[in-house]
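Here is the structure we will look at.
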Amino acid sequence: MSVQVARHVGEVLDNLSSVTGATLLAGGTDLLVEINFGRARPATVVAIDRVAELKNLERNGRVRMGALVTYTRMLDDDPGSPALREAARTVGSPQIRNAGTLGGNLGTCSPAGDTLPVLAALDATIVLRSAKTERRLRFGEFMTGPKKSARRPDELIVAAEWDDAGPAQTFMKVGTRNAMVIAVAGLALVVDRARKRVGAGLGSCGPTIIRAAEAERFAEGLFADAGWERASRPSDAAAKEFGRLVAAAAKPIDDVRGTAAYRRHVLAVMGARALARVAAIA
Amino acid sequence: MSTSAPRVRVRGVVGESVERPDAVPKVKGEFEYASDLRRDGMLFGATLRSPHAHARIAGIETSAAKRMSGVRAVITSGELPTRERFGLMKLDQPVLATERVRYVGEPVAIVAADSAEEARLAVRAITVRYEPLAAITDPVAALQQGAEQLHRSGNVIDEVIVVHGDPDTRADVVVEGEYEVAMQDQAALGPEAGLAIPRRDGGVDLHVATQWLHEDLRQIAPCLGLPESKVRLVLAGVGGAFGAREDVTLQIHTCLLALATRRPVRMTYGREESFYGHVHRHPAKLFYAHGATKRGELVFVRATIVLDGGAYASSSPAVIANAACFGAGPYRVPNARIHAVGAYTNNPPAGAMRGFGAVQSCFAYEGQMDALAAKLGIDPVELRERNALRNGDPIITSQPVEGSAPVAEIVRRCADAPLPPRGPETDPIALPGGAGNLTHGEGVRRGVGFAVGMKNVCYSHGFDDFATARVRLMRDERGPLARVHTAAAEVGQGLVTVCVQIVRTELGVERVELDPPDTTIGSAGSSSASRQTWMTGGAVLAACREVKAVLLSRARATGRPPDDLAALLDEPIDKTVSHRHRDTEPRDAATQNAGHVAFLFAAHRAVADVDIETGLIKVVQIATAQDVGKAINPLAVVGQIEGGIAQGLGLAVMEEVILKDGHVRNASFTDYLLPTTLDMPPVVTLLIEHPHPDAPYGAKGVGEPPTISSTPAIVAAIRAATGRTLHRVPVRPDDIVFDEPYRSGWRITPGDDPRRAVRA
Ligand SMILES: Cc1cc2nc3c(=O)[nH]c(=O)nc-3n(C[C@H](O)[C@H](O)[C@H](O)COP(=O)(O)OP(=O)(O)OC[C@H]3O[C@@H](n4cnc5c(N)ncnc54)[C@H](O)[C@@H]3O)c2cc1C
């Protein structure tokens, strides 16, 4: 196994285009596990963790988060999304949060990746660059299946971008341990009061992150009635209905971490709670 | 018992909190674990394991593997030096599978190669032709007529029946329930590892992380075709044990590869292999009936207990005996019948784990005590106090509790411990779901639960249980020095400080050094059954007293004061002593005899917050009162108690080796969940010190009781918070949100023979 240490995006892109099967290493918290389990045996590894350009975090109405921003950074700096910060807090342990990155979460593209429901709910754009071109994909186009994305082998994930949606957002995650647990189900809810838009992203409930479109439209109706700009309190019945629609969007399976029935059940609970929580924030 | 104490004041004696010598190295990553061992020219071993729960082996092809680069040896059952089998209590386990594999993960072939990677690749290049057979994975099914016999002796590993008083008597109030305990993993952080070095004389030295060097030796040597004198075992750094290192795992394999290649060979399991490589806690199905008077006095306990022993016997017979003997708990029970059976199945073998059979029955009988309290309208703590064993009362094996049985005292002290402040917690991280940010108080209910448990200390039922210690008192340029040699395994429990504290106390010498444990001295017995303080501590104490007798006679002869060590040690004093506890009786047909040395008791009170809508749990506080006899090292005792509670909490709410058709579905720490610091609550510990007359300084064992009743206490708290029945551990979120009571799938009248079970 050969390891190249890149310092600039250009070097990374050159490696990706010239060496077939070159594998990128960011924090290594997914890749090293794959190697240890014998599921990956990359011939060439390109370490990108010293590429400063990928660590940028810009906010001015539009947020641009470089691929190398770690979970610890999302907690320490304002990451331009309260839901993303809450998602970062649910990830792993301090050691994992110090090393693990947004780009790595996107690179792995697991339905249990905790930043992914947030990026879906924010309707974020993923910026991909190769030696030849740059592509910008909406999150929904980027993720195509469990651990499958539209990223081509010669592309580097450079950043994710989204409109700053304000404070009315939250992320919740269910796992059978109080920390350091892979999501049995996750939910990100974003209410962009300025743009009059609701985004709901579901994690670990299907082959990809799922947007609960019907639930989003239902909630938009509620906020239109209550006044987008105002804090409000949805009725219990409305919160419950929102939860029901969230759960109905899911395509869960039974696996070793939980049953499909339980996933549907907790999505409904999370949906109702998230709506009430977020509606109160203006 | 004690002779006059030396006048010199030394630090770090019995009763003081002494820091462990290995504490800082372990925290700094400098401690040498077995998996860190290296030698020049060392080879790496790897194991090919069965992918089938049950299959006939039709053929094994190793020639491709043998031709691969770096490969030095490939051994299958055909190349073994002997046909000997191994096993702790029955020699039923082949070194490498011959005609048949009986569980997923059973070793089939071993390889030594220049690198770990080459060894792994070679293992993959071995082809085995299997003819799969139907697997039996339900232990009750294994016991029924017509079930395929997995061993020539049948599917019953062992059977223990306790008949006490008139078990068929009637009672005013009866509660019945069935319970299940799933498979728990010991999850020691240090996986199995050993280094074997061939010797010039044709023998082999094995450095290995184990719990009992001499028992390993007894099983290893015959399988190598060597006399015990040609095999020496040395204890390597142990990264936790909890019972998983009582059995032979890679010991014989590593030695075989070293002997075959004439090179040092190290084997180290990874985490996944460790899940298949060692025995686990026995899964159990328990069927109970409790009868009581209207005033809440227990009249009878009838129970049928079926333990899943998996493919091989391991220590199942002793686990079954414990589950049965302590099957009624620390209560006065005049009439009982407990019928406990261990079954062979095609699941991974089960064996020793902290609590050893007492854990499984405690979960059931404490659930029963709560059900009885509810039916009688009596407070659960009061019901336990009313029925608590007192000094001299017999347990259901008719053996009276000698020394002290402070059951009512620990129950009351524990129940009176201060409760945690009443929420509402504002930080979601302190609420159920923790870092998942699920609730800010919605759906959260608090419950309080209580449980008491008991277990024996030391080995039981006529076993010749002893420990050997050598103490040498000498002088060097820095002054007096004592050296202690035993074969006792320090597995994290803190025996290393106990031995040093005893020597300091007895001989008044502050410098005490421990020789590396190995088999050149007599056996110390196992670091299990909470016994090493009692046994090896007892042996060190006895050796110290013999040393001191010599010291005193030298003092008399020379007219020097006995604490003038410098003057009395021109010649070193060297004493080796074997220490035995008092005899125990072998089991008779009705198990009515004094089969145990002494008993340990602990009580736990749990406070838990439960999010009843998501079924997630946050244990808020555990209070415990435990009779420890005498805390030799109070800090270490508290460490044992808190660690044991963490393991009991794990079993209560998350730890399960999930099996499907004999396959482990979660053989990694990603999906086998262990409690984190966010799951483990503060513990209020009350040490009750009633010295036991037979034990060194009165110190009873402390390691196991924390794991026994903490589990049922936590589940009782969850029941109190949710109103659910929860008769299975670990409690899963589904059990709470969907409220489907546990069903075993079998109808068995409690106390009856499980061979007469009927499918429900
Ligand atoms: C103990 C533990 C706990 C964990 N807990 C969680 C959790 O709670 N939630 C969660 O979501 N995840 C969790 N993870 C998984 C992991 O930490 C995250 O997915 C993390 O975001 C991965 O980032 P990384 O930088 O370490 O990725 P790496 O391991 O370096 O890379 C992961 C993959 O992405 C590719 N890649 C990395 N960067 C780029 C890039 N810029 N462009 C293109 N491809 C790239 C790599 O080639 C590789 O295939 C956990 C992992 C561990 C070991």
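The values are calculated or read from the model by the stated rules, or taken from the named source; none is laboratory data. As the structure is a computational prediction, the values presented were derived from the model and not from experiment. A quick note on method: Cβ atoms are made from the backbone with ideal geometry, for glycine too, and the neighbour counts reach across all protein chains shown. To get the accessible areas, we keep the full protein, side chains included, count just its heavy atoms, and leave off ligands, DNA and RNA. Shrake-Rupley method; radii C 1.70, N 1.55, O 1.52, S 1.80 Å.
Quick one: would you say B:Leu687 is within 14 Å of chain A (Cβ to nearest Cβ) and either more than 20 Å from B:Leu431 (Cβ to Cβ) or in contact with a Lys or Arg (Cβ under 9 Å, 6 or more places away or on another chain) (or both)? Criteria not met by B:Leu687. For A:Ala67, the test of being within 20 Å of A:Asp30 (Cβ to Cβ) and open to solvent by less than 10 Å² (accessible area, probe 1.4 Å) is passed. Scanning region A:188-202 for residues that are out of contact with any Ser or Thr (no Cβ under 8 Å at 6 or more places or on another chain) and open to solvent by less than 40 Å² (accessible area, probe 1.4 Å) returns A:Val191, A:Asp192, A:Arg193, A:Val198, A:Gly199, A:Ala200, A:Gly201, A:Leu202.
Listed by position, the helices (runs of 4 or more DSSP H) enclosed by region A:70-187 that each have at least 1 residues that are open to solvent by less than 10 Å² (accessible area, probe 1.4 Å) and more than 10 Å from the ligand (Cβ to nearest atom) are A:71-76, A:82-90, A:116-121, A:139-142.
Any residue at all in region B:436-454 that's among the polar types (S, T, N, Q) and in contact with a helix residue (DSSP H, G or I) (Cβ under 6 Å, 6 or more places away or on another chain)? Scanning region B:436-454, I find at least one residue that is among the polar types (S, T, N, Q) and in contact with a helix residue (DSSP H, G or I) (Cβ under 6 Å, 6 or more places away or on another chain), so the answer is yes.
Would you call B:Pro634 crowded, with 24+ Cβ neighbours inside 10 Å, touching a residue at least 12 places away in the same chain (Cβ under 8 Å) and under 30 Å from B:Thr505 (Cα atoms)?
Details: crowded, with 24+ Cβ neighbours inside 10 Å: no; touching a residue at least 12 places away in the same chain (Cβ under 8 Å): yes; under 30 Å from B:Thr505 (Cα atoms): yes.
Here the answer is no, as B:Pro634 does not meet what is asked.
On inspection, A:Leu275 fails the criterion of being open to solvent by less than 10 Å² (accessible area, probe 1.4 Å), within 14 Å of another protein chain (Cβ to nearest Cβ) and in contact with a Cys (Cβ under 9 Å, 6 or more places away or on another chain).
Checked against (1) of a type in the set (A, V, I, L, M); (2) touching a residue at least 40 places away in the same chain (Cβ under 8 Å); (3) near the ligand (Cβ under 8 Å from one of its atoms); (4) within 14 Å of chain B (Cβ to nearest Cβ), A:Leu32 passes all but a single condition, namely (2). Check region A:54-69 and report whether any residue there is more than 8 Å from the ligand (Cβ to nearest atom) and either over 20 Å from A:Thr125 (Cα atoms) or outside the structural domain of A:Glu155 (by TED's automatic domain parsing) (or both). No, region A:54-69 contains no residue that is more than 8 Å from the ligand (Cβ to nearest atom) and either over 20 Å from A:Thr125 (Cα atoms) or outside the structural domain of A:Glu155 (by TED's automatic domain parsing) (or both). Every condition in (1) farther than 22 Å from B:Ser35 by Cα; (2) not in a helix (DSSP H, G or I) holds for B:Arg232 except the one numbered (1). Only helices (runs of 4 or more DSSP H) whose full extent lies in region B:335-421 are considered here, and the ones with at least 2 residues that are out of contact with any Phe, Trp or Tyr (no Cβ under 6 Å at 6 or more places or on another chain) and under 30 Å from B:Lys660 (Cβ atoms) are B:358-376. Taken together, A:Gly175, A:Gly203 contain a single residue that is touching a Leu at 6+ places or on another chain (Cβ under 7 Å) and in the same structural domain as A:Arg257 (by TED's automatic domain parsing), which is A:Gly203.
Just one of A:Gly221, A:Gly227 is open to solvent by 20 Å² or more (accessible area, probe 1.4 Å) and more than 14 Å from chain B (Cβ to nearest Cβ); which is it? Steps first, answer last, please.
On the way: A:Gly227 fails: open to solvent by 20 Å² or more (accessible area, probe 1.4 Å).
Being open to solvent by 20 Å² or more (accessible area, probe 1.4 Å) and more than 14 Å from chain B (Cβ to nearest Cβ) holds for just one of A:Gly221, A:Gly227, which is A:Gly221.
Which members of region B:297-317 meet the condition of being assigned to a helix (DSSP H, G or I) and surrounded by fewer than 24 Cβ atoms within 10 Å (Cβ to Cβ)? Once the filter is applied, which keeps residues that are assigned to a helix (DSSP H, G or I) and surrounded by fewer than 24 Cβ atoms within 10 Å (Cβ to Cβ), region B:297-317 yields only B:Pro317.
Looking only at region A:157-205, filter to residues that are within 13 Å of the chain's Cα centre (by Cα) and among the hydroxyl-bearing types (Ser, Thr, Tyr); which one of those is farthest from the other protein chains (Cβ to nearest Cβ)? Here the residue is A:Ser204.
Quick check on B:Arg9: is it among the basic types (Lys, Arg) and closer than 30 Å to B:Glu510 by Cα?
When the stated conditions are applied, B:Arg9 passes them.
Against the conditions (1) buried (at least 17 other Cβ atoms within 10 Å of the Cβ); (2) closer than 30 Å to A:Ala274 by Cα, B:Pro421 satisfies every one except (1). Of note, B:Ala23 satisfies the criterion of being modelled with pLDDT under 95, out of contact with any helix residue (DSSP H, G or I) (no Cβ under 7 Å at 6 or more places or on another chain) and under 30 Å from B:Leu189 (Cβ atoms).
Note on region A:35-46: residues that are in contact (Cβ under 8 Å) with a residue 40 or more places away in the chain and either surrounded by 16 or more Cβ atoms within 10 Å (Cβ to Cβ) or of a type in the set (S, T, N, Q) (or both) amount to 4. Considering A:Asp123, A:Asp114, A:Asp154, the condition of being within 14 Å of chain B (Cβ to nearest Cβ) and either among the basic types (Lys, Arg) or in contact (Cβ under 8 Å) with a residue 24 or more places away in the chain (or both) is satisfied by A:Asp114 alone. Condition first: open to solvent by 10 Å² or more (accessible area, probe 1.4 Å) and of a type in the set (Val, Ile, Thr). Can you find one or more residues in region B:538-548 that meet it? The answer is no; no qualifying residue exists.
Considering region B:605-629, and only residues there that are away from every other protein chain (no Cβ under 12 Å), open to solvent by less than 10 Å² (accessible area, probe 1.4 Å) and of a type in the set (S, T, N, Q), the residue that is nearest to B:His692 (Cα to Cα) turns out to be B:Gln626. As a summary of the residue check, B:Asn391 satisfies the conditions (1) modelled with pLDDT of 95 or more; (2) open to solvent by 10 Å² or more (accessible area, probe 1.4 Å) except for the one numbered (1).
Need at least 2 residues that are open to solvent by less than 20 Å² (accessible area, probe 1.4 Å) per element, so show me which strands (runs of 3 or more DSSP E) inside region B:121-219 make the cut, counting only ones lying wholly within it. First the steps, then the outcome.
Values: elements: B:127-132, B:156-164, B:173-181, B:193-198, B:204-208.
Hits in region B:121-219: B:156-164, B:173-181, B:193-198, B:204-208.
Listed here are the residues, each with its yes/no results for (1) within 14 Å of another protein chain (Cβ to nearest Cβ); (2) farther than 30 Å from B:Asn155 by Cα.
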{"site": "B:Pro675", "(1), (2)": "yes, yes"}
{"site": "B:Val683", "(1), (2)": "no, yes"}
{"site": "B:Ile708", "(1), (2)": "no, no"}
{"site": "B:Arg732", "(1), (2)": "yes, yes"}
{"site": "B:Glu740", "(1), (2)": "yes, yes"}
{"site": "B:Gly745", "(1), (2)": "no, no"}
